[in-house]
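Presented below is the structure to which this report refers.
The values are calculated or read from the model by the stated rules, or taken from the named source; none is laboratory data. Note that the structure is predicted; figures quoted are calculated from it, not measured. Cβ placement follows ideal geometry from the backbone for every residue including glycine, while neighbour counts extend to all protein chains displayed. Heads up: the accessible areas ignore ligands, DNA and RNA and are worked out on the full protein's heavy atoms, side chains in. Shrake-Rupley method; radii C 1.70, N 1.55, O 1.52, S 1.80 Å.
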Amino acid sequence: MQRLILIMVMASVTFAAAQTQSTNPFLSEYDTPFGAPPFESITDEHFLPAFKEAVKQQKQEIDTIVNNPKPATFENTIEALEVSGALLTKVSNVFFNLMSADTNDNLQEIAKKVSPMLSAHEDDISLNVKLYERVKTVYRKKDTPGLTTEQSKLLEERYKSFVRGGADLDDKGKQQLRKINTELSL
């Protein structure tokens, strides 16, 4: 009997999570003028699942870049990295603007959960050895003709963000940086 009750509870939680996913405005295209967020449809409960899904999606996008068997190029590395995380940007823009303009206790509690998650996610990207190697490979060819001024600037900024984010640190330094970033996010 207890097993049956447990199964029923788990099924209802799974169903509720699926319902939230399917009705979460962040997880579909906005059907609004100028693609503005549908604030009337967004509730505080939409944020955490949207952040989790956004981080998951960007991790998959980063894995695709890292595991690309083709040699690193501006297009398959820098450009792909630049367009990764679109959902994360979408959710973050709304959440952090609401936190600044119209915060409440719920949003502040969500922020306490989201900040360490986003900090760890940023470290996972900045300290990803394989990703950094691809970025460095493209950066070493930065003077090769063919990149526009804008592409050169993006390449320069992306490379600097990895270096400043700790990509050149040894393993001990990376662990220490992760610890510091986690503490700062709390």
Which whole-number value in Å² is the accessible area per residue of the chain, probe 1.4 Å?
-> 64 Å²
When the accessible area of the chain is split by element with a 1.4 Å probe, what percent falls to carbon and sulfur?
-> 56 percent
Centroid-to-centroid separation of the range 135-164 and the range 50-120 [C-alpha atoms, Å] = 22 Å
Rounded to the nearest 10 degrees, the helix 171-185 long axis (Cα) sits at an angle to the longest Cα principal axis of the chain of 40 degrees
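Report the Stokes-Einstein translational diffusion coefficient (µm² s⁻¹, integer) for the chain, Rh taken as the Kirkwood radius over Cα pairs, at 25 °C with viscosity 0.890 mPa s.
Working: Rh = 18.9 Å.
Rounded to a whole number, D works out at 130 µm²/s.
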Helix 2-23: angle to the longest alpha-carbon principal axis of the chain, degrees 0 to 90, nearest 10?
-> 60 degrees
Specify which residue in the list N93, V114, A36 is farthest towards the positive end of the charge dipole of the chain, using unit charges on the beta carbon of Lys, Arg (+1) and Asp, Glu (-1), about the Cα centre.
-> V114
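For the chain, what is the mean residue ellipticity at 222 nm derived from helices alone (per DSSP H run of n ≥ 4: -39500 (n - 2.57); sum divided by total residues; nearest 500 deg cm²/dmol)? Numbers along the way, then the final one.
Values: 8 runs with 127 residues, N = 186.
Counting only the DSSP helices, I get -22500 deg cm²/dmol.
With a cap of 14 neighbouring Cβ atoms within 10 Å, and only residues DSSP puts in a loop, list the trypsin sites (Lys or Arg not before Pro) found in the range 19-88. Each step should come with its number before you reach the end.
Numbers: sites: K52, K56, K59; in loops: none.
Sparse-neighbourhood loop trypsin sites (Lys or Arg not before Pro): none present.
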³J(HN,Hα) computed for each position of the range 113-121 - Karplus, 6.51 cos²θ - 1.76 cosθ + 1.60, integer Hz, glycine/proline x | 8, 6, 4, x, 5, 5, 4, 4, 5
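Beyond a 23 Å Cα-Cα separation, which of these cross-linked pairs lie in this structure: K56/K130; K56/K142; K59/K130; K59/K112; K113/K172; K112/K136?
Details: K56/K130 18 Å; K56/K142 31 Å; K59/K130 13 Å; K59/K112 21 Å; K113/K172 26 Å; K112/K136 34 Å.
Violating the 23 Å Cα-Cα cut-off are K56/K142; K113/K172; K112/K136.
Just by accessible area at a 1.4 angstrom probe, what is the order of L154, L107 from largest to smallest?
L154, L107
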On Cα atoms only, tilt of 47-66 relative to the major axis of the chain in degrees | 30 degrees
In whole percent, what relative contact order does the range 43-186 give with Cα contacts below 8 Å and a gap of six or more residues?
-> 30 percent
